[in-house]
Amino acid sequence: MNRNKLSFESENLVADYISFNLEGLMDPEIITHCLSKHFTPHVTIDNVPKIAYHGFKKKHKVFVRQYTESKGYWVETQIIFSEKEAAYFYKLIKTQNFDWKILRVDQHNLSLGRIDLCFSRPNNLNHTSKSFDEFLVNLRSQIQNHTNTRHIRLQDFPNGKILKVNRRKNSVHYRVYQKDQSVRFELELKHRQTKLVQDYLFNNQLDVFEYELVIQYFKYSERVLCLDYGYSDWIVDFKRIYQQVNLTYPSLVTSYIGNQINTQEKEERLFHLLQFLSFIKSLELNLRKDSKKLSIKKQSYYGLKFPLSKFVEFTGIRILKDSQRKNLLLYFKKLLIIIY
């Protein structure tokens with residue numbers, strides 16, 4: 001297996017939940033009839049069960065939730081694939097056996113509502129309920145002491161304890177619990193996080209889609225997990241391999257440039273962004289010590305300061321004439337266009 005190409009399969013990740021939002025659709029039967037080719041639809045309208053499709057029974061199910069203005073909701077339809085249904089649905093996408101036109105009804109706005117990624121670590125001989133509970137307790141303490149996350153819950157359920165990081169309504173929610181002789185680590189993404197990657201999914205750029213999500217999954221897992229416990233050995237293994245092969249974004253964007261960058265101006269803008277990111281990386285800044293945290297519209301940003309002379313030295317830009325100074329200002333102007 002080629003570890004230079006990160007994917008769900010290469011890192012043993014499973015899409016455990018996938019949902020879509022379709023705004024403005026008044027009649028859910030339009031969607032359910034099309035989905036019945038692969039799934040048995042289960043429909044609710046304003047949380048009341050409706051429409052039975054006994055004649056269309058398939059092995060896999062899809063849940064369609066319709067919300068209308070009568071209950072004060074937005075007019076919206078949710079299409080939900082959960083657990084094994086999500087894995088089957090994503091397999092249809094990867095094998096090009098699913099037509100996105102099914103969900104693009106009358107130009108209604110379609111968006112990726114939520115996706116859950118899950119890694120299951122099989123329990124070994126050192127595992128006990130006591131050792132796992134100790135892991136969760138220490139994990140909670142680490143998150144409280146070393147991150148800005150304040151909503152952390154350790155709950156008891158019939159099958160054991162579960163640790164939940166962040167509120168369910170947040171764009172990122174993380175869970176750790178036991179299931180079927182393994183420990184499951186689940187990352188739930190919504191809102192802004194799904195909007196960042198949904199175009200890759202809808203355009204069947206699945207290599208980019210999976211790469212982006214794999215990186216996000218492991219970065220967040222590394223941030224919240226105690227790496228000195230055996231339950232986190234898979235994170236340590238990923239870090240080691242990641243550093244050895246020196247995975248970088250330029251290798252990722254090669255195919256993207258070929259497909260999407262069709263003018264010299266766009267290519268220059270993308271080059272400026274990659275060049276600037278390389279420069280920031282070369283500074284080896286400490287995010288906590290060398291930056292100022294800002295909160296804008298409930299989103300966290302970090303302000304970094306650096307001498308302009310270092311950037312000029314890094315890029316090789318020469319500032320000898322007024323025209324060259326203007327070119328430097330234009331460089332940052334184009335960079336801002338990309339970011340915003």
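The values are calculated or read from the model by the stated rules, or taken from the named source; none is laboratory data. None of these values were measured; they are calculated from a predicted model. All Cβ positions, glycine included, derive from the backbone under ideal geometry; neighbour counts span all protein chains shown.
Here are the numbers:
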| read-out | value |
| --- | --- |
| Failed condition for residue 95, given (1) modelled with pLDDT of 85 or more; (2) surrounded by 13 or more Cβ atoms within 10 Å (Cβ to Cβ) | (2) |
| Selection within the range 116-164 - within 30 Å of residue 209 (Cα to Cα) and charged (D, E, K, R) | 116, 121, 150, 164 |
| Out of 91, 164, 195, sole residue that is basic (Lys, Arg), in the same structural domain as residue 220 (by TED's automatic domain parsing) and without any contact (Cβ under 8 Å) to a residue 60 or more places away in the chain | 164 |
| Index of the failed condition, residue 42 passing every other in (1) within 24 Å of residue 199 (Cα to Cα); (2) modelled with pLDDT of 85 or more | (1) |
| Per-region count, the range 166-213, residues farther than 16 Å from residue 232 by Cα, of a type in the set (Val, Ile, Thr) and in contact with a strand residue (DSSP E or B) (Cβ under 8 Å, 6 or more places away or on another chain) | 3 |
| Subset of the range 98-110 (residues that are closer than 19 Å to residue 207 by Cα and either crowded, with 18+ Cβ neighbours inside 10 Å or within 19 Å of the chain's Cα centre (by Cα) (or both)) | 98 |
| From 159, 145, 126, residue being exposed (fewer than 13 other Cβ atoms within 10 Å of the Cβ), of a type in the set (S, T, N, Q) and in contact (Cβ under 8 Å) with a residue 40 or more places away in the chain | 126 |
| Selected residue (criterion: modelled with the lowest pLDDT) from residues of the range 1-19 that are assigned to a loop (DSSP other than H, G, I, E, B) and surrounded by 15 or more Cβ atoms within 10 Å (Cβ to Cβ) | 5 |
| Qualifying residues in the range 183-197 (those that are surrounded by fewer than 19 Cβ atoms within 10 Å (Cβ to Cβ) and among the charged types (D, E, K, R)) - the one modelled with the highest pLDDT | 184 |
| Count of the range 129-164 residues which are at pLDDT 90 or above, over 16 Å from residue 232 (Cα atoms) and under 21 Å from the mean Cα position of the chain (by Cα) | 3 |
| Any hit, the range 198-213, residues being in contact with a Lys or Arg (Cβ under 8 Å, 6 or more places away or on another chain) and surrounded by fewer than 15 Cβ atoms within 10 Å (Cβ to Cβ) | no |
| Every residue from the range 24-44 that is touching a residue at least 60 places away in the same chain (Cβ under 8 Å), part of a helix (DSSP H, G or I) and surrounded by fewer than 19 Cβ atoms within 10 Å (Cβ to Cβ) | 30, 34 |
